[in-house]
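First comes the structure, then the notes that go with it.
The values are calculated or read from the model by the stated rules, or taken from the named source; none is laboratory data. Fair warning: this is a prediction, and the values are worked out from it, not measured in the lab. Cβ placement follows ideal geometry from the backbone for every residue including glycine, while neighbour counts extend to all protein chains displayed.
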Ligand SMILES: *Cc1c(COP(=O)(O)O)cnc(C)c1O
């Protein structure tokens, strides 16, 4: 078997090479490189994809999260010092956005099954200062259910989706506006188009989706120096705009997102059928959802030996994420003494198998290699 790379990004993008080159050339010839028609068209497509009325294209996923929180601070909906519930098992960007806005991230442990925030633990973490909850659809598995919706409604919490890993996914329960599509489940959502995401740009890009017109307008202004019209600044804002170039490239790739997500799901199903090794725990398929398999994360007690074995057999893997964010040096003090046993065990055991651009046959072959592993 030839070596199976973890994520052959160049090969995946080369499938769309001609159309991407054409899009780049159109922008070049157009002469308008910021806030032109490609950004407007992409915002339209993304709003449709997430089932929301509004979309604001921005610079990246972290900025999308920050802008949502920052806008609610500007609008007086949130106040500095308010608490925001975040999952213990996530990429650090989720928490960084909260901290950057002077808000307090409060951790809730993961569910062993979904590896997402355990919604049954949210209510116990709510205090009089809790104003929002930030479910993360980690690895492409939607994190949204009736429990989350009910607890959020009961305590008046804003729901901010971190949709960075799940564009195109669908939850088992309808969101607060009646749609089950991720990116449109809560009050606002942030998406990332970092190159390795399911819908990846050729650089940094992100977006906010929401049904809240006031929020969308505030974010649009904040991302453009705080100006609501030319040379008129109502906020002390930032420059967090998406480039026309990235928007044009994303407009090409968005046409293939469904096919890409279906192919990931087929590979995940092939892994699920073929991996039969008591030392390897495969990720769950969650009833009623459409998962988009940003990562296919198995768990193994003897992870180092398992990865070495796979590597020797030509299968490259990765870890998402080896050190929980709350144990990172920048958070070690704030979360000293905090114990998140499920998130910790995921961090200790997780191994991401190749999933992007992998055929079912290829996944089956990898599974056969996996079945030969014994620690
Ligand atoms: C990638 C990612 C982000 C940040 O997106 P960027 O575009 O890289 O800033 C935020 N949250 C999660 C869960 C991510 O995977």
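Residue-wise test of (1) touching a helix residue (DSSP H, G or I) at 6+ places or on another chain (Cβ under 9 Å); (2) outside any loop (DSSP other than H, G, I, E, B); (3) farther than 28 Å from residue 183 by Cβ.
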{"residue": "320", "(1), (2), (3)": "yes, no, no"}
{"residue": "361", "(1), (2), (3)": "yes, yes, yes"}
{"residue": "364", "(1), (2), (3)": "yes, yes, yes"}
{"residue": "373", "(1), (2), (3)": "yes, no, yes"}
Please count how many residues of region 276-316 are over 25 Å from residue 136 (Cβ atoms) and in contact with a helix residue (DSSP H, G or I) (Cβ under 6 Å, 6 or more places away or on another chain). 4
Checked region 335-355 for anything more than 24 Å from residue 140 (Cβ to Cβ) and touching a strand residue (DSSP E or B) at 6+ places or on another chain (Cβ under 8 Å); matches are 335, 338
For region 81-189, please list each of the strands (runs of 3 or more DSSP E) lying entirely inside it that holds at least 3 residues being in contact (Cβ under 8 Å) with a residue 12 or more places away in the chain and either within 12 Å of the ligand (Cβ to nearest atom) or more than 23 Å from residue 328 (Cα to Cα) (or both). 130-133, 158-162
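Please indicate, with yes or no, whether at least one residue in region 33-43 is under 20 Å from the mean Cα position of the chain (by Cα) and at pLDDT 95 or above.
Going residue by residue through region 33-43, those that are under 20 Å from the mean Cα position of the chain (by Cα) are 42-43.
Of the ones still in play, those that are also at pLDDT 95 or above are 42-43.
Yes.
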What number of residues within region 86-127 satisfy the criterion of being buried (at least 21 other Cβ atoms within 10 Å of the Cβ), at positive phi and over 17 Å from the mean Cα position of the chain (by Cα)? 0
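Does residue 257 count as within 17 Å of the chain's Cα centre (by Cα) and at pLDDT 95 or above? Walk me through it before giving the result.
Values: within 17 Å of the chain's Cα centre (by Cα): yes; at pLDDT 95 or above: yes.
Yes, satisfied.
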Within region 190-223, residues being in contact (Cβ under 8 Å) with a residue 60 or more places away in the chain, crowded, with 16+ Cβ neighbours inside 10 Å, touching a strand residue (DSSP E or B) at 6+ places or on another chain (Cβ under 7 Å) and not in a loop (DSSP other than H, G, I, E, B) number 12
Which ones in region 322-341 are part of a helix (DSSP H, G or I) and surrounded by 18 or more Cβ atoms within 10 Å (Cβ to Cβ)? 325, 326, 331
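So which residues in region 40-80 are part of a strand (DSSP E or B) and either within 16 Å of the ligand (Cβ to nearest atom) or at positive phi (or both)?
Those that are part of a strand (DSSP E or B) and either within 16 Å of the ligand (Cβ to nearest atom) or at positive phi (or both): 55, 56, 57, 58.
Would you be able to tell me the number of residues in region 284-307 that are in contact (Cβ under 8 Å) with a residue 24 or more places away in the chain and away from the ligand (no atom under 16 Å from the Cβ)? Talk me through it step by step, then tell me what you get.
First pass over region 284-307, keeping only residues in contact (Cβ under 8 Å) with a residue 24 or more places away in the chain: 284, 286-303, 305-307.
Now drop any that are not away from the ligand (no atom under 16 Å from the Cβ), which leaves 284, 286-290, 298-303, 305-307.
Selection size over region 284-307: 15.
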Can you find even one residue in region 228-244 that is in a helix (DSSP H, G or I), in contact (Cβ under 8 Å) with a residue 40 or more places away in the chain and within 16 Å of the ligand (Cβ to nearest atom)? no
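Return yes or no: is residue 280 in contact (Cβ under 8 Å) with a residue 24 or more places away in the chain, touching a strand residue (DSSP E or B) at 6+ places or on another chain (Cβ under 6 Å) and on the phi < 0 side of the Ramachandran plot? Steps first, answer last, please.
On the way: in contact (Cβ under 8 Å) with a residue 24 or more places away in the chain: yes; touching a strand residue (DSSP E or B) at 6+ places or on another chain (Cβ under 6 Å): yes; on the phi < 0 side of the Ramachandran plot: yes.
For residue 280, the condition - in contact (Cβ under 8 Å) with a residue 24 or more places away in the chain, touching a strand residue (DSSP E or B) at 6+ places or on another chain (Cβ under 6 Å) and on the phi < 0 side of the Ramachandran plot - is met.
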